[in-house]
Amino acid sequence: MARGYREPLEKPRRFYKSVEVVEEDGGFAVRLDGRAVRTPRGGHLALPTRALAEQVAQEWGSQGEVLEVAGMHATRLANTAIEAIPSARTETADTVASYAASDLLCYWAEAPRGLVERQQQRWGPVLERIEAEAKLSFLRAAGIVHQAQPEPTLQQVRELALSLDDFGLAGLAFGAGLFGSTILAIALQRGWLSGEQAFELSRLDEGWQEEQWGVDEEAAERTARLTAEALMLERWFRGLEDA
């Protein structure tokens with residue numbers, strides 16, 4: 001056996017038959033064959049709304065003979081919200097602000113003309129809305145040279161992030177990383193865009209290039225995977241609104 005080679009890790013097999021959502025202790029838990037799902041650290045996986053619990057339960061219920069843990073995005077996000085966010089809220093808000101400091105939507109192409117016009121048509125309204133409704137003012141740049149954003153804007157972003165509960169903050173941070181844009185994450189969280197729309201806007205440049213040169217199989221697979229994550233996040237945010 002060649003040095004450095006590692007046997008692939010065996011995926012865990014499905015160990016349960018039934019999946020259900022139950023109300024308990026003011027929240028909602030997912031149970032497998034009557035037993036509560038646990039977080040990686042052994043905590044209780046409890047969700048604040050039935051809609052979120054059903055989203056997690058659907059992931060467990062849709063598994064086959066083996067568990068595809070890497071694709072259980074809502075479950076992983078719930079674990080993050082329960083185990084990581086409470087002790088790291090300030091650091092998480094800083095991460096959201098760091099994405100805002102170099103937000104994708106603030107870097108516009110200088111050419112070709114068709115791409116510039118598309119950015120104006122698609123990104124422009126989102127920037128206008130976040131300024132009008134969220135009172136966040138962002139500076140735009142042409143090209144790839146870094147444009148520093150106003151510190152008051154970044155501080156407002158931190159405050160906005162910290163105003164969310166642990167599940168909302170976890171979702172916002174996930175979205176900022178997924179899209180490379182805090183602006184798009186906020187737009188999705190507030191319901192201005194669907195998950196599919198937000199992801200499409202995050203890859204506007206890539207989409208333009210694909211129209212010119214075509215799409216390779218690897219890129220298509222990556223796009224499909226990330227689109228699924230964006231759709232999950234849309235459902236996550238809407239589920240948080242379900243009282």
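Each reported figure results from applying straightforward, stated rules to the coordinates on display, with no laboratory input. All of these numbers come straight from a predicted model, not from anything done at the bench. Cβ atoms come from the backbone with ideal geometry, glycine included; neighbour counts cover every protein chain shown.
Below 11 angstrom from the Cβ of Glu210, what's the summed charge of the other residues (Lys, Arg +1; Asp, Glu -1)?
-3
Give, as a single signed number, the net charge of other residues whose beta carbon lies under 11 Å from the beta carbon of Glu54, with Lys and Arg counted +1 and Asp and Glu -1.
Taking every other residue near Glu54 into account, the sum is -1.
Put +1 on the Cβ of every Lys and Arg and -1 on every Asp and Glu Cβ in segment 90-243; which of Leu104, Gly175, Gln120 then has its Cα farthest towards the positive end of the dipole?
Looking along the dipole axis, the top candidate is Gln120.
Could you give the length gained by full extension between Arg113 and Leu231, i.e. 0.36 nm per residue of separation minus their alpha carbon distance, to one decimal place?
39.4 nm
Quickly estimate the mean residue ellipticity at 222 nm for the chain, helices only: each DSSP H run with n ≥ 4 gives -39500 (n - 2.57), and the total goes over all residues, rounded to 500.
Result for the chain, helices only: -17000 deg cm²/dmol.
Mean-square fluctuation check for the chain, GNM, Cα pairs under 10 Å: which of Phe179, Phe167, Phe28 is largest?
Answer for the Gaussian network model of the chain: Phe28.
Quick one: which of 71-79, 52-60, 223-231 comes out on top by average Cβ neighbours within 10 Å, and what's the full order, highest first?
Output ranking for 71-79, 52-60, 223-231: 52-60, 71-79, 223-231.
Under the Kirkwood approximation for Rh and a Cα-based Rg, what ratio Rg/Rh is obtained for segment 19-84?
Rg divided by Rh gives 0.92.
Quick one: Kirkwood hydrodynamic radius for segment 89-240, alpha-carbon pairs, angstrom, one decimal?
It works out to 15.8 Å.
Quickly rank 89-95, 145-151 as a protection proxy: mean count of other C-beta atoms within 10 Å, highest first.
89-95, 145-151
Placing +1 on the Cβ of each Lys and Arg and -1 on the Cβ of each Asp and Glu in the chain, which of Thr80, Pro152, Ile186 has its Cα farthest towards the positive end of the resulting dipole?
After comparing all options, I get Thr80.
Taking the Cα centre as origin and putting +1 on Lys and Arg beta-carbons and -1 on Asp and Glu beta-carbons, what dipole magnitude results for segment 89-240, to the nearest 20 debye?
440 debye
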